[in-house]
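Please treat every number below as a calculation from the coordinates, not as lab data. Owing to the predicted nature of the structure, the values given are computational and were not obtained by experimental measurement. FYI the Cβ positions are ideal-geometry reconstructions off the backbone, even for glycines, and counts take in every protein chain you see.
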Amino acid sequence: MAHPVDHPSPNREPRPDGAAIDILLIHYTGMLTGAAALERLCQPDAKVSAHYLIEEDGRVVRLVPERLRAWHAGVACWAGKTDINDRSIGIELVNPGHEFGYRPFPEPQMAALIELAQAICARHPIPAHRVLGHSDVAPERKQDPGELFDWPRLARHGLGVWPRALPEPSVAPGLDWFLPRLARAGYCANADPAALLTAFQRRFRPETVTGAPDTGTAARLTGLLKILSRAG
Ligand SMILES: [Zn+2]
């Protein structure tokens, strides 16, 4: 990867004393162009930023140094904790998103992301299973990076986890089965159940995102919890 180009954003501040950086959060920009996204991420009154932005051609822009706190998660929660910006590094992938023409993330962008994410995870105590999507931590508000994002490819590079295909149960379990298991996976139980299921499917069963319990979703969730129980 070429060295990141610095394009400092004023939207930054110190992290709280002693904050460990243990989440890597993946976003899409959700705007028509990378230039428009970069401008917004640097506008003081927008009050948003991220540590990095990756253009569709693979160019990496650094907006905020990793040791500082950027403003990308918003109201968010994971594994019972709501201080997501304190403890995370945020990467924005240029993509118009669901609102402006969602499209696949191109090869140069994915290759640059994997190289950058591996370097970040080597610098900080971020375990594979805490490489997350914005929709994982804000399921009622966010869809990014969305069902076209190649999580299996990241998992093959040690970033994020991807459950193996398990046999599906013959009958779909109900919400009372799903909700405690989603909570064990890290999803915060204060969100609307349909939003939680949608976020889980968008991430782990992207071919069918319905927000409703079904056998395929149950199999993926069981597989995910097996991986997480080994990760400790
Ligand atoms: Zn986002």
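Here the Debye sum runs over all C-alpha atoms of the range 71-209 as equal scatterers in vacuum, and log10 of I(q)/I(0) at q = 0.10, 0.16, 0.20, 0.21 Å⁻¹ comes out as -0.34, -0.90, -1.42, -1.54. Under the classification rounded if a/c is under 1.5, otherwise prolate if a/b is larger than b/c and oblate if not, where does the range 175-231 fall, given a ≥ b ≥ c as square roots of the Cα gyration tensor eigenvalues? Oblate is the answer for the range 175-231, as a/c is 1.5 or above yet b/c matches or exceeds a/b.
If Lys and Arg each add +1 and Asp and Glu each add -1, what is the summed charge of the other residues whose beta carbon sits under 12 Å from the beta carbon of residue 195? Intermediate results must be reported in sequence, preceding the final value.
Numbers: positive: 141, 142, 202; negative: 136, 140, 192.
Net charge in that neighbourhood comes out at 0.
Inverting the mean 1/r over all pairs of different Cα atoms, compute the Kirkwood radius of the chain and quote it in Å. Before the final figure, lay out the partial values.
Numbers: mean 1/r = 0.0559 Å⁻¹.
Averaging 1/r across every pair of different Cα atoms and inverting gives 17.9 Å.
Stretched out straight at 0.36 nm per residue, the stretch from residue 5 to residue 32 would grow longer than its current Cα-Cα span by 7.6 nm. For residue 102, nonlocal amide neighbours, meaning residues 5 or more places apart or on other chains whose placed amide H falls under 5 Å from its own, are 97. The HN-Hα couplings worked out from phi for the range 23-33 by the Karplus form 6.51 cos²θ - 1.76 cosθ + 1.60 (θ = phi - 60°) are 9, 10, 10, 9, 10, 10, 6, x, 10, 5, 9 Hz, whole numbers, x standing for Gly and Pro.
If each residue of separation counts as 0.36 nm, what is the full-extension length gain between residue 46 and residue 231 once their alpha-carbon separation is subtracted? All intermediate terms of the calculation are to be shown ahead of the outcome.
Working: separation 185, 0.36 × 185 = 66.60 nm, distance 3.79 nm.
That works out to 62.8 nm of additional length.
Remark on the chain: 42, 121 stand apart, with no other cysteine beta carbon under 4.7 Å. Under a model in which nothing but the beta-carbon of Lys, Arg (+1) and Asp, Glu (-1) is charged, the range 123-232 shows a dipole of about 560 debye around its Cα centre.
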